[in-house]
Amino acid sequence: MTQSIIVQVGQCGNQVGCRFWDLALREHAYVNTKGIYDEALSSFFRNVDTRRSDGENNDITSGKIRSLRARAVLIDMEEGVVNEILQGPLRDVFDSTQLITDVSGSGNNWAVGHKVYGPACREQVVEKVRQAAERCDSLQSFFLIHSMGGGTGSGLGTYVLSLLEDEFPEVCRIVTSVYPSAEDDVITSPYNSLLAMRELTEHADCVLPVENQALEIVNKIQRMAHCGKPGHVIRKDTTLISGQGGVGGTEKAFDAMNNIVANLLLNLTSSARFEGSLNMDLNEIAMNLVPFPRLHYLVSSLTPLYTLSDVNIPIRRLDQMFTDAFSKDHQLIQADPKHSLYLACALVVRGNVQVSDLRRNIERLKPSLPFVSWNQEGWKTSLCSVPPVGHTHSLLALANSTCVRPTFMELRNRFMKLYKKKAHLHHYLHVEGMEPSCFTEAVSSLSSLIEEYGQLESTKGQLRADTPRLHVAM
């Protein structure tokens, strides 16, 4: 069994990561009723004997669960969120060897996070990630969670991404990036986002963009929750989680969105954690969905949409779930998939679903989903037998599609409105190592990316001519 490490950077990254670990524990607690440390748990958790003092050799690879430790590194240049996690119900899942914090923060400035805190924290980051990696039998992937609008998430987060590439070049790097909305309260977020985009394009294997504007989805979820049938409620007092349960209290809008992103990651990693008739290796995501190295931005759609594992929602018919997965209402970025071109698509299905059902729905949807002429059969599928808690089945679609192009164009437009006025540039240029060329190169990189997607989109509707047969000379 392979293992993955989650690196969560900045306030948003750590809040989303907190939700992921909470829901992952709930999910494993529902499935693992005997309290045995199995391969499913080992993919993201260590089993630690806390009674032993030699912290280097206290991992237990089999038998009863003693104390679970997340395979994670938590990084933030402000202590607030990390301290909340350490004082909350998840406090026993982490220890001091996994934390990197400061007190002053990055001041919503990419340059401070990338050019100041990056080099300053380099040795610490490398050491803590290497410690986590050495505790894995077979390290398969890194999951980096961060936001694009602030300073630590965008700046230090992308610096850490480049470090992962340098130190572990053979390990897949999957990044979940939360993009700010047009009405973001950080006025310099367009600068931070565009500077971070260049780093993501250069150093990530796959990027799963999530837009804050997609919070409109949450309103639909809340309406659905009031008309649904009660689902299964997970037991709170189990071997895996304490009697305090997971994250409690009344959910706020961003809490709900964080839970959606956490559920995205739970579904994405389901094949790595549970058995299934058609499991998908995490490395296969990049291998099958990224035909060109720079075009690795995958649009995520999740159905049914839910915020907590025990939320009450109406049961969706299987065929309707496949239809929903290709609807803009279920995407985690605001884009229209119906008017775009698909390079490839992965479907991660959980629950009691047959391969025949999967193939039938793909054939049903094919006529309405235009694929590039040279990859008409560009589908990757996964069937995991264990459904999310409280549901009979679920579906995660990951599409490499040109529908991300308008999102990137809109980001560039917001950037140019500030950049043409040279507004707030001095906050960046006074940082040592930050040059005006950093901005021009970032704009050039994004424009090139937009152009590449545009060139592909222009081929929509073109059919590949049949390859002429070879004639043998007599």
>> With the condition being in contact (Cβ under 8 Å) with a residue 60 or more places away in the chain and buried (at least 19 other Cβ atoms within 10 Å of the Cβ), I'd like the helices (runs of 4 or more DSSP H) fully within the range 345-445 carrying at least 3 qualifying residues.
In response: 405-419
> What is the number of the single condition among (1) modelled with pLDDT of 95 or more; (2) farther than 28 Å from ASN47 by Cα; (3) not aliphatic (A, V, I, L, M) that PRO169 does not meet?
Replying inline: (2)
>> If GLN87 meets every condition in (1) open to solvent by less than 60 Å² (accessible area, probe 1.4 Å); (2) over 23 Å from the mean Cα position of the chain (by Cα); (3) over 30 Å from HIS430 (Cα atoms); (4) not basic (Lys, Arg) apart from one, which number is that one?
In response: (1)
> How many of the residues in the range 252-281 are open to solvent by less than 10 Å² (accessible area, probe 1.4 Å), of a type in the set (S, T, N, Q) and more than 29 Å from VAL355 (Cβ to Cβ)?
Replying inline: 1
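For the range 152-174, how many residues meet the condition of being part of a helix (DSSP H, G or I) and either within 20 Å of ALA442 (Cβ to Cβ) or of a type in the set (Asp, Glu) (or both)? Walk me through how you get there before you give the answer.
Here is the first cut: in the range 152-174, the ones part of a helix (DSSP H, G or I) are 152-167.
Cutting the leftovers down to either within 20 Å of ALA442 (Cβ to Cβ) or of a type in the set (Asp, Glu) (or both) gives us 152-163, 165-167.
Adding up the residues that qualify gives 15.
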> Would you say ALA29 is over 28 Å from LEU163 (Cβ atoms), touching a residue at least 24 places away in the same chain (Cβ under 8 Å) and open to solvent by less than 10 Å² (accessible area, probe 1.4 Å)?
Replying inline: yes
>> If I ask for residues that are outside any loop (DSSP other than H, G, I, E, B), at pLDDT 90 or above and either of a type in the set (D, E, K, R) or open to solvent by 40 Å² or more (accessible area, probe 1.4 Å) (or both), which ones from the range 92-102 would you list?
In response: ASP92, THR101
>> For the range 55-78, give me the residue count where each residue is open to solvent by 50 Å² or more (accessible area, probe 1.4 Å) and touching a Gly at 6+ places or on another chain (Cβ under 9 Å).
In response: 2
>> Every residue in the range 237-282 that is modelled with pLDDT of 90 or more and among the polar types (S, T, N, Q), please.
In response: ASN263, ASN267, THR269, SER270
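The values are calculated or read from the model by the stated rules, or taken from the named source; none is laboratory data. Keep in mind that this is a model prediction, so the values were computed, not measured. Virtual Cβ from ideal backbone geometry, glycine too; neighbours counted across all protein chains shown. These accessible areas exclude ligands, DNA and RNA; they are computed on the full protein's heavy atoms, side chains included. Shrake-Rupley method; radii C 1.70, N 1.55, O 1.52, S 1.80 Å.
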